[in-house]
Every structure is written in C-alpha cells, then in structure tokens.
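Inspection log for the structure reproduced underneath, given as structure tokens.
The values are calculated or read from the model by the stated rules, or taken from the named source; none is laboratory data. Given the structure is predicted, the values throughout are model-derived calculations rather than measurements. Quick reminder, even Gly has a Cβ in these numbers, built from the backbone with ideal geometry, and neighbours come from all protein chains shown. These area figures cover heavy atoms from the full protein model, side chains too; ligands, DNA and RNA do not enter into them. Shrake-Rupley method; radii C 1.70, N 1.55, O 1.52, S 1.80 Å.
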Amino acid sequence: MAKTIVEKIFSEQCGRNISAGDVVMAPVSGAMLHDITGPLAIDKFYEMGGDRVFDPAKVIMMFDHQAPADSLDAAENQKKMRIFAKEQGIYNYDIKEGVCHQVTMEKGRVSPGDIVVGGDSHTCTYGAAGAFATGIGSTDLGFVLRFGCLYFRVPETIRAEVSGRFSDLVGPKDLILKMTGDIGADGATYRAIEFCGETIERMGMAGRMTCCNMAIEMGAKAGLVPPDAVTRRWCEEYTSCTWKEFVSDPGATYHSTRSFDVSDLVPQVAVPHNVDHVVDVTAVAGTPVDQVFIGSCTNGRYEDLAEAAQVLKYRSFSNDVRVLVIPASRTEYLKALRAGIIERFVEAGALVEAPCCGPCMGGSFGLIAAGEVSFATSNRNFRGRQGSTSGEVYLGSPATATATAITGKITDPREVA
Amino acid sequence: MSSITGRGPAVCIGDDVDTDLIIAGRYLRTKDRSVFQEHVFEDLDPTLAARLQGAVLIAGKNLGCGSSREQAVVALQQAGVQAVVARSAARIFFRNCINRGLPVFIVPDLFCHEGNEIRFDTEKNELSIAGKEVRSLPLSARMNEILAAGGLVSYIRRETGR
C-alpha cells in the first residue's frame with residue numbers, strides 16, 4: 001500500500017507494516033535533553049527505576065536556554081546534568097556549542113529515516129533532515145532514557161505543496177509565517193506536515209530547518225522535508241549515516257493537501273500575541289520598536305546572518321533600538337565571523353552574544369520592559385514571552401528585523417535595500 | 001481498572017492559552033515548586049492562582065500550545081487544579097497531563113460558566129456541567145490506566161514491580 005514518509009519511517013523502525021492512526025511502541029534513534037526540561041527528565045528516569053540509560057551514544061545533551069548559567073538555580077540544574085552525563089557516559093556539548101536544535105543537526109546526530117525525540121517543542125526542526133522528530137515532555141523523556149522507545153500515535157500527514165520563486169528579501173521565514181497564518185495555531189494538531197514542491201526543492205537546509213522548526217506553531221507533531229540531493233549533500237558533510245531515502249509514495253493517503261505560491265509573497269510579520277496572527281509587513285510598517293533580536297533555532301544560522309548583512313550593508317542601527325545578534329551555534333558564529341559579518345554587526349551597533357537561546361524564552365537576558373516592543377526572528381510572540389506581560393513581540397525574517405533595526409520602526413526590507 | 005472521580009467549581013480561561021502563560025519561562029529554573037503555584041497564570045490573570053485550589057480548569061481550544069514544558073502541568077497540580085476540560089488541547093500538553101496523572105477531558109462543544117459545578121469520572125468519558133451531562137472524547141485504555149495509576153511513573157513502577 002502507498003505510504004507517506006511518516007508511515008515508512010515508522011514501518012522501517014518498528015519492522016512491520018504501519019499506517020497513520022496506529023499506536024505503536026517505536027525505538028528512538030536519538031533523545032535530546034537541554035537545561036530546562038532535562039533535569040526533570042533525569043528525575044523521572046530514576047523514579048521509573050532507571051539505572052543506566054538505554055544507549056549513551058543516542059543521548060544528546062547541551063545547555064542553551066540559560067547558558068552560561070544566569071542564576072544559582074540554573075547553575076545547579078546544569079551541574080546536575082553534567083554529573084548525570086559523566087556517570088552515564090553521555091557526551092555533553094555543555095554551554096559551548098549553541099542552541100540545541102542547531103547543534104543536534106550540525107553534529108550529525110540526526111539522519112533521514114530516524115525517529116528522534118527531544119525535551120523541547122521545536123525538536124520538529126530535524127524533519128529538515130528527513131527524520132521524524134517530535135517534542136515530548138520530561139516524563140516521556142525520562143521513559144525514553146530508560147527504555148529507548150516510546151508510544152507514538154502515528155500521525156496523518158498534511159501535504160504542503162509550495163511553488164514559485166521568492167522575490168528578493170522574501171524567504172523561508174515569510175513562507176512559514178504565511179503558512180502558520182493560513183493553517184492556524186491548531187490547524188495541524190496531531191498531524192505531520194510534509195513540506196514539498198519546487199520551492200522547497202530549491203531551498204537549502206537552513207531554510208528547510210526554519211520551516212520544520214515552526215511546524216509546532218501549527219500544533220503539528222512533526223514537520224518533514226522529503227530527503228533529496230540537498231539532504232544528501234548535508235548528510236555527507238555533517239553525518240556518518242548510511243543514506244536511507246524515505247519519500248512518500250505516489251498515491252499515499254494524506255489528511256489534506258494545501259498549496260502555497262510564493263511568487264507574490266511579501267515579507268510577513270506575526271503580530272502580538274499569537275504566532276498565527278500574521279499580516280503583510282506593510283500592515284504594521286512604522287510601528288516603533290525598542291529591541292530587535294536576530295537569532296534562535298528558527299533564524300540564527302549563517303544564511304540568516306548573511307541575509308541580515310545584505311540588508312544592513314554599511315549602515316548603522318538606530319540609536320533608539322537595542323540590537324541583539326545571537327548566532328545559533330559556535331559553527332555558525334565562526335562562519336559569520338570569517339565572512340566579516342560579525343564585524344559589520346558590531347560596527348553597526350549590535351551586541352553580538354555567544355550562541356544560546358537568548359531572549360527567546362524570556363527567562364535569561366535581553367528582556368523587554370512593560371510597554372516595550374520587540375521585533376524578533378524567533379518563533380513565538382506569546383504574551384510575556386520575551387519579558388514583561390505588557391510588552392509586545394513581533395516576529396519576522398532576518399531581513400525584516402534588520403530593516404527594522406536600521407530605522408527603529410517596523411520596516412519592509414525592500415524599502416531600505 | 002479504577003477511575004478518578006471528583007467535583008469542583010469551574011474556573012474558565014479562553015482559547016490558545018499557551019504553556020508560557022500557564023508558567024512563564026522566568027520561573028522554570030527553580031527547584032522550589034511552591035514558586036509554580038504562586039505564579040501560575042501570572043501573565044494571563046494574576047488573580048487566577050488564588051482561585052484554583054480544588055477547581056476544574058475549563059479552557060477553549062488549543063489549550064497548552066507552545067512549549068513542551070511539563071512544568072505547566074506541575075504548576076496546575078501544585079495550584080490544586082483537580083482536572084482540566086478543554087474544547088481541544090495541544091498534543092504535548094495533553095500527553096503531559098496523562099503522564100502526570102492530571103485528568104484531562106476534551107469536549108469539542110464545551111460550554112460552561114465560571115463557578116458552574118463540574119463532576120467528572122475519567123473512566124466514563126462523562127462530565128456533569130451544572131447538572132447537565134456531557135460526553136468527552138474517549139481516552140485509550142492505556143491512557144486511562146496511566147491516569148488511574150496517578151501518572152506514567154507510578155504506572156511503570158507497578159508494571160515493573162518496583
């Protein structure tokens with residue numbers, strides 16, 4: 001019977017014929033823990049009678065949400081995880097590599113056809129590698145650490161077919177925001193989203209990661225891009241995996257199909273306080289902002305920083321705006337550094353911080369005060385997400401964020417380019 | 001299989017209440033759980049926390065969307081919420097409720113007023129809202145067993161005889 005990628009991955013990993021809707025106990029190829037949800041997962045592992053983790057080589061650990069430790073509590077949490085890693089023989093990337101999803105991908109801990117779980121909702125990012133990856137809570141993660149498997153309800157798939165070429169300074173973030181606005185914050189709950197079509201085929205891994213990253217903002221369990229030549233090149237560069245190519249069969253049964261044409265797409269902005277509240281940048285242009293954040297697992301890669309630099313050119317950022325640039329990982333930081341992009345940001349007046357989640361979770365640093373407005377390239381604009389409850393967060397692409405940082409008000413990047 | 005039954009007054013919240021609103025990121029580093037009950041729903045309505053003891057939380061669609069933080073469920077339990085009823089719930093939050101033994105009911109056409117008396121029985125997929133019976137979407141037998149055991153940890157300890 002014709003199958004979707006998701007059905008094929010579960011069938012392969014479970015060694016039997018599996019279809020959407022089945023509830024299965026499936027082995028996992030990787031389990032990711034970070035400093036916020038990891039400590040609780042370790043507690044649950046022990047409470048469930050855990051002694052040794054199922055396979056230390058399949059456990060991925062790093063600290064990014066409150067890294068370097070921003071408080072005594074964070075320091076204690078990280079110490080607890082370091083001790084656990086040592087005792088269990090788990091390789092710990094600690095605070096030195098960057099944001100968990102970027103690090104998991106660039107360290108080659110994910111391959112096409114894998115089932116990967118993580119104690120973070122944006123674990124769906126790894127679908128860019130053609131893996132089935134999903135976020136889980138700490139108790140489920142403790143269960144995985146102990147048993148190496150987890151119950152899954154195999155999701156139906158929404159096929160998102162994307163066609164057309166992006167205009168200048170319009171890209172993957174604008175597409176995924178547009179899609180989130182159309183599908184809605186719960187429009188894909190319990191489903192997988194398969195991103196396909198000519199636009200996705202032309203897209204590099206960075207853009208594919210941006211799209212898969214935000215699948216959760218539509219409630220999806222996973223977002224996936226069918227493995228192709230782009231994936232294969234990425235695999236050869238970053239992983240030691242045996243190439244397995246799972247693509248949906250012609251005639252596979254989908255929950256639904258949605259078509260998107262990016263030819264006429266203009267820069268998109270998610271306005272406070274919901275990610276699916278998405279408008280054309282022109283609808284909010286002129287809104288004064290107090291802070292701009294360029295970074296995160298959504299848009300902190302070299303390609304994103306290069307897009308920002310392309311808009312910035314030799315200008316300076318507005319004196320009325322605090323600009324935080326945080327590369328998603330040490331590797332991406334180095335790429336940008338060597339390309340001279342970091343120097344440009346610093347000259348223009350940005351604070352370039354070491355790779356971490358930064359203000360995205362509103363708990364560490366770079367918070368906004370009451371009544372302040374942030375424009376960010378991250379993935380959530382929930383009330384209070386970046387600090388004060390009465391602050392406001394707008395989301396957009398690196399290009400739009402940079403244009404906004406130059407003028408001090410939300411700006412269409414095509415106007416300053 | 002045993003069930004969890006209870007009754008309590010409805011405390012109502014709206015649609016798309018995300019886990020950041022249930023417990024904000026700035027409180028997640030703590031190991032002191034009393035911090036959770038103090039600050040639960042702080043960014044949504046700071047007066048809500050004091051009304052949750054013994055209450056049944058009634059929500060609109062997409063409850064618990066966003067972050068996977070299980071601390072959101074811990075915060076509701078610490079604050080004394082007996083059960084959660086929603087028109088729909090985000091996947092990770094829903095699963096976290098089951099895993100922590102917090103009864104969760106999905107009633108797509110849910111209609112309820114603040115303070116209505118809610119009675120619930122996890123095994124029957126049935127609720128009484130202000131005396132009116134409503135059906136909730138059925139849970140799988142395994143989910144009901146995990147709930148009845150008080151959560152996944154107790155369930156596993158029982159299954160593995162530890």
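Work out from phi, with θ = phi - 60° and the Karplus expression 6.51 cos²θ - 1.76 cosθ + 1.60, the ³J(HN,Hα) of each residue of region B:25-36, listed in order in whole Hz, and give x for Gly and Pro.
Each residue of region B:25-36 in turn: x, 5, 9, 6, 6, 6, 9, 8, 5, 5, 4, 5 Hz.
Accessible area drop of at least 10 Å² (1.4 Å probe, protein heavy atoms): which residues of region B:57-83 qualify, relative to the chain alone?
For region B:57-83, once contacts with the other chains are taken into account, B:61, B:62, B:65, B:66, B:67, B:68, B:69, B:70, B:71 lose 10 Å² or more.
Give me the percent of accessible area attributable to carbon and sulfur for the protein assembly as shown, probe 1.4 angstrom.
49 percent
Between the chain alone and the structure with every protein chain in place, find the residues of region B:24-42 that drop at least 50 Å² of accessible area; heavy atoms, 1.4 Å probe.
The answer is B:26, B:29, B:31 - residues whose exposure falls by at least 50 Å² when every protein chain is included.
Between residue A:257 and residue A:19, take the C-beta separation as r, use R0 = 25 Å, and let me know the FRET efficiency to the nearest 0.05.
In this case the efficiency is close to 0.85.
Check residue A:323: other-chain or 5+ apart residues with amide H under 5 Å from its amide H, H built from backbone geometry?
Counting only residues 5 or more places away or on other chains, the set is A:292, A:351.
Round to the nearest 0.05 the FRET efficiency obtained for residue A:86 and residue B:130 when R0 = 56 Å and r is the Cβ-Cβ distance.
Here the calculated transfer efficiency is 0.50.
Which positions within region A:170-198 get 50 Å² or more of their accessible surface covered by the other protein chains, compared to the chain by itself, with a 1.4 angstrom probe?
Residues passing the criterion (a loss of at least 50 Å², heavy atoms only) are A:186, A:190.
When chain A is treated as a GNM, springs tying every alpha-carbon pair under 10 Å, which of A:357, A:14, A:100 comes out with the largest mean-square fluctuation?
Result for chain A, Cα springs under 10 Å: A:14 fluctuates most.
Calculate the translational D of the protein assembly as shown in whole µm² s⁻¹ from Stokes-Einstein, where the hydrodynamic radius comes from the Kirkwood formula applied to all Cα pairs, the temperature is 20 °C and the viscosity 1.002 mPa s.
My calculation gives 90 µm²/s for D.
With labels modelled as points extended 7 Å from the Cα through the Cβ direction, what inter-label distance (nm, one decimal) is found for residue B:111 paired with residue A:264?
It works out to 4.1 nm between the two label points.
Alpha carbon centre of region A:119-198 versus region A:49-107: separation in Å?
24 Å
Mind jotting down a quarter of the surface of the convex hull over the alpha carbons of region A:268-415, in square nanometres, one decimal?
7.3 nm²
Below 14 angstrom from the Cβ of residue A:148, what's the summed charge of the other residues (Lys, Arg +1; Asp, Glu -1)?
-1
Between Rg and the Kirkwood Rh of region A:5-260, both from Cα atoms, what is the Rg to Rh ratio?
0.97
By the scheme Lys and Arg +1, Asp and Glu -1, what is the net charge of all other residues having a beta-carbon under 9 Å from that of residue B:29?
Once positives and negatives cancel, what remains is -2.
Note down the nm distance, to one decimal, between modelled labels 7 Å out along Cα→Cβ at residue A:241 and at residue A:202.
Result: 2.6 nm between the two label points.
Once you wrap a convex hull around the alpha carbon atoms of region A:13-122, what is its projected area averaged over all directions, in nm²?
Hull-based average projected area comes out at 7.9 nm².
On a C-alpha basis, how far is the centre of region B:90-149 from the centre of region A:22-39 in Å? Whole number, if you could?
26 Å
Nearest-5 percent of antiparallel DSSP beta bridges in region A:5-260?
For region A:5-260, the DSSP antiparallel bridge percentage is about 15.
Ordering A:147, A:345 by how much accessible area each has at a 1.4 Å probe, largest first, what is the list?
Accessible-area ranking of A:147, A:345, largest first: A:147, A:345.
With Rg and the Kirkwood Rh both taken from Cα atoms, where does Rg over Rh land for chain B?
Using only Cα positions, Rg/Rh for chain B is 0.95.
Starting from the coordinates of the alpha-carbon atoms of region A:81-223, obtain the Kirkwood hydrodynamic radius over all distinct pairs and give the value in Å to one decimal.
Roughly 16.1 Å, rounded to one decimal.
Around residue A:282, what is the net charge, scoring Lys/Arg as +1 and Asp/Glu as -1 over all other residues with Cβ under 11 Å from its Cβ?
Once all neighbours under 11 Å are counted, the net charge is -2.
Excluding ligands, DNA and RNA, what is the accessible area buried between chains A and B, summed over both sides, using a 1.4 Å probe, to the nearest 100 Å²?
So the total buried area for this chain pair works out to about 3500 Å².
Give, to the nearest whole percent, the P(r) tail of region B:89-146 beyond 14 angstrom, counting all Cα pairs.
Summing the P(r) tail past 14 Å for region B:89-146 gives 56 percent.
Past the 31 Å Cα-Cα mark, which pairs from A:244/B:61; A:8/A:178; A:86/A:107; A:335/B:31; A:173/A:244; A:58/B:31?
Over 31 Å Cα-Cα: A:244/B:61; A:335/B:31.
Most mobile of A:64, A:186, A:120 per a Gaussian network model of chain A (Cα springs, under 10 Å)?
Taking springs between Cα atoms under 10 Å, the residue moving most is A:186.
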